[in-house]
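The values are calculated or read from the model by the stated rules, or taken from the named source; none is laboratory data. Model, not experiment: these values are computed from the prediction. Using ideal geometry, Cβ is built from the backbone for each residue, glycine included, and neighbour counts are taken over all protein chains shown.
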Amino acid sequence: MFKMKTIFTFFAIVLFASGVLSQSYQDWKWLHQSPQGNELRWVKMWDANTIYAIGGKGTFIKTTNRGANWYVQHTAGRTAGIPIQKADLRNAWFFNQNTGIVIGSFGSIFRTTDGGITFDSTNNPAPTNTTFTGISFINNLTGFVICGLTDYRLMKTTNGGITWNNNIGTNPGYSNPYELHAFTENKLIVFNQLGDNFITTNGGFSWNTYPIGNLVTFNKAVFIDANTGYACGDWGRCRYTTDGGYNWTNMAGILFNRNIHFTDIKYRNNAVYLTGNSNYIYHSSDHGVTWDSIAFMAPSAQPLWSNSYYSSDFSITADTMVTVGVKGSIHQKLGTFKEPLGQYLKTGNMRDVWSSMSTGLLIAVGALSVSTITHDQILRSTNSGNNWTVVSPSATSNAEFYSIDMIDNNTGYVCGNRSAVYRTTNGGVNWDSIVIQNMPASLILQKVDFVNAQTGWIFSRYTAGNDSTIFKTTNSGVTWTKQKINATTTGNTIYSACMLDENNGWILSSRPRAWKTTNGGAVWDSTLLGDGYLVGALYDIKMINSQTGYCVGSNNRVYKTTNGGATPWSNVSFSSTTIITNYTVEVKNANECIVMGTYGTGYYTSNGGLTWSQKFLQSSISDISGSYLTSNGILYAVTLLDSYIFKNANLFTTGINTVSENVPVATRLNQNYPNPFNPATRISFDVSKMGNVTIKVFDVTGREVQTLVNERLNAGRHEVTFDGSSLSSGVYFYKLVSGQFTETMRMVLIK
């Protein structure tokens, strides 16, 4: 068999030792990118250690120790959009480290007085269908904001941004303004997208137009006194004025071309500094006669894909600087020392994720960041996502991986398009190419699922001329046999699978239908959906045992079975005004599950689908494409397009918790604690081999009073809570069944 050994490329070692992240007002925590992944539009560096930044989806972040720790939140803006989206913040004005104002989309103006720990909406008459882009204050009380909607283009505050007045004169004749500067309460200048600026000298009651740059958008401006100012914009344009904005002179010369777009300009130490879609900051101290470039990124942190940077800030002497941009990227330069203050290791699709609770090993898989170049389809962490390394499965593989399944902390498989299959035997450090005999070269391998070290399946989408869409091994991948749902080609595309053991398992086909096998895949039987759904697709299925599970798909669909599909699956879908495609589902027990999909949506039920509550990302509207639920209830999710990885440890409240994943010598049932108890007690038990486990409680007459466990569990020590609130005092018995092993223990409820 041909083997391709792993080569570590791109970022072979961790670039940045991410510190502890305080991520407030959100159950979903960012793991990659870090400290968060939304674009950052504005940055303020109070000193080399203390940095504030704002950006997309209501993002505010800050550090007071140069990125060793970050405070992150996404509540600084109005909520609107589809289905629920936080405002994209565009600009900010901070009077000091405690008090500041942020502005952005959905007509957002929010204010903080505690250094960004909390933000409150202001008395703001602007509607939600506008975006504020410019803000300028002349003192701590009086300031202005602008947006691009008629009757709300210019607004004024005289109490530090607590309330805003939009009735302050006539609107200037500008279109889509981007920048505002207030010289005094009477003189203001506004820059727009058509290469003009508008000046008022009577507080906004009349405006005059002054051309600045050939129909070019000017994004930012800075004035160092009442007369001298600088402005930058698209197509490499940079201008300066010495008469308060009435006349402008080109200072870019032939240095910059139409491919360079500047989004920020600062003036420090008698020089102008420009930030844009370049890996360099450009600066000039002679009005553009000469320019120098500053590389602000460490060589090891420079991505192989193109980036945009939106804002920079500098110390007074300009020897210390920080630059922020897309995907939450943050770079700091101290003299000649350059360092990334966040992790932005890859871009591109993410499809699936796996985690080990006991060791902190976390692996996420997806596509290359740059087609045929990066070979960075795998992200690996050994500390639950605090730090990451990029792993290349090989130096030549261009496959996009759709699925990962680890049998244990060392051995596992990934599969994807181009018929790619790889195996690791050292926890994802290295990967070997697996060649499956007679498999077509162009298959999309949608799912890999092993039930033990020897037996596993790979499921694929149908390709014309292919005689099989299922491949099975019973000898750890040495040889594979072909299987198929049925004799016809129709419906043989497989989107998901959940194999319970060597004999029993489920798959979803494109028909859409859930199929089950009881003989290891030799025969598959179709089950029915209660509503006869036919117009969409089902994308994920999770069974907690042979009888109970959920499957999800397009058009908000969620289905549940409690009898192994003997009767049609019940439609337990949530209600939503937005049509959601559910790509993944995770099930804690028969009552608790979460379904996730487009726009970063998550819907959670604790009563078996009778009611649902929203558990949206909010910090992102990227589609959630894959997920993994650890046995102790920690949920991981990955998204398409942005390589985002999230963690949610606050979702599931009941059910089984895994205390240890260390394989015990034997299966055993432990004495409950406390005992006697009132009204609840904990029952721990050891499972020596993965398989279906039941624990039932009986009264002294032998009548079953409650089923505590009926699930397929991994080997390890587990715990479950028994609540006797509804029972009378007395003696009760609890019985564990795991394979051929049974054991019964006695407990006493005293009220």
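Inspection of the range 465-481 finds no residue satisfying the criterion of being aliphatic (A, V, I, L, M), touching a Lys or Arg at 6+ places or on another chain (Cβ under 8 Å), touching a residue at least 24 places away in the same chain (Cβ under 8 Å) and not in a strand (DSSP E or B). Confirm whether Glu711 is within 26 Å of Thr359 (Cβ to Cβ) and assigned to a strand (DSSP E or B). Yes, satisfied. Applying the selection to the range 178-195, what residues are part of a strand (DSSP E or B) and at pLDDT 85 or above? Tyr178, Glu179, Leu180, His181, Ala182, Leu188, Ile189, Val190, Phe191 - these are the residues of the range 178-195 that are part of a strand (DSSP E or B) and at pLDDT 85 or above. Among the conditions (1) surrounded by 15 or more Cβ atoms within 10 Å (Cβ to Cβ); (2) of a type in the set (A, V, I, L, M, F, W, C); (3) modelled with pLDDT under 90, Ala441 misses just one, which is (1). Looking at Val558, is it assigned by TED's automatic domain parsing to the domain that holds Ala649 and either within 17 Å of Leu508 (Cα to Cα) or among the polar types (S, T, N, Q) (or both)? Answer is yes for this residue.
In the range 31-71, which residues are closer than 27 Å to Asn383 by Cβ, basic (Lys, Arg) and either part of a strand (DSSP E or B) or in contact with a Leu (Cβ under 8 Å, 6 or more places away or on another chain) (or both)? Scanning the range 31-71 gives Lys62, Arg66.
Figure legend. Inter-residue proximity from the range 62-76: first residues touching a residue at least 60 places away in the same chain (Cβ under 8 Å) and farther than 15 Å from Gly116 by Cβ, second residues surrounded by fewer than 21 Cβ atoms within 10 Å (Cβ to Cβ) and of a type in the set (Gly, Ala, Ser), beta-carbon distance below 9 Å, spacing 6+ or different chains. Indicated pairs: Arg66/Ala48; Gly67/Gly19. When each of Gly204, Gly195 is tested for being assigned by TED's automatic domain parsing to the domain that holds Pro127 and over 38 Å from the mean Cα position of the chain (by Cα), the lone residue that passes is Gly204. Of the candidates Val697, Val705, Val665, Val693, the single residue that is more than 19 Å from the chain's Cα centre (by Cα), in a loop (DSSP other than H, G, I, E, B) and either within 26 Å of Trp569 (Cβ to Cβ) or of a type in the set (A, V, I, L, M) (or both) is Val665. When restricted to residues that are in contact (Cβ under 8 Å) with a residue 40 or more places away in the chain, surrounded by 21 or more Cβ atoms within 10 Å (Cβ to Cβ) and part of a loop (DSSP other than H, G, I, E, B), the range 525-544 contains 1. Scanning the range 160-215 for residues that are of a type in the set (Phe, Trp, Tyr) and either surrounded by 15 or more Cβ atoms within 10 Å (Cβ to Cβ) or under 11 Å from Gly245 (Cβ atoms) (or both) returns Trp164, Tyr174, Tyr178, Phe183, Phe191, Phe198, Trp207, Tyr210.
Considering only residues that are of a type in the set (Ser, Thr, Tyr) and either in the same structural domain as Thr562 (by TED's automatic domain parsing) or without any contact (Cβ under 8 Å) to a residue 60 or more places away in the chain (or both), which ones fall in the range 686-741? Please lay out each step first, then the result.
Restricting attention to the range 686-741, the residues satisfying the condition of being of a type in the set (Ser, Thr, Tyr) are 688, 694, 701, 707, 721, 725-726, 728-729, 732, 734, 738.
Those that are of a type in the set (Ser, Thr, Tyr) and either in the same structural domain as Thr562 (by TED's automatic domain parsing) or without any contact (Cβ under 8 Å) to a residue 60 or more places away in the chain (or both): Ser688, Thr694, Thr701, Thr707, Ser725, Ser726, Ser728, Ser729, Tyr732.
The set of residues from the range 284-316 being outside any strand (DSSP E or B), touching a residue at least 40 places away in the same chain (Cβ under 8 Å) and over 17 Å from Lys338 (Cβ atoms) comprises His287, Gly288, Leu304, Trp305, Ser308, Ile316. Restricting to the range 437-450, name every residue that is under 22 Å from Leu508 (Cβ atoms) and hydrophobic (A, V, I, L, M, F, W, C). Answer for the range 437-450, where residues must be under 22 Å from Leu508 (Cβ atoms) and hydrophobic (A, V, I, L, M, F, W, C): Met439, Leu443, Ile444, Leu445, Val448, Phe450.
Filtering the range 77-92 to residues that are farther than 19 Å from Gln23 by Cβ and either touching a residue at least 60 places away in the same chain (Cβ under 8 Å) or not in a strand (DSSP E or B) (or both) leaves Arg78, Gly81, Ile82, Pro83.
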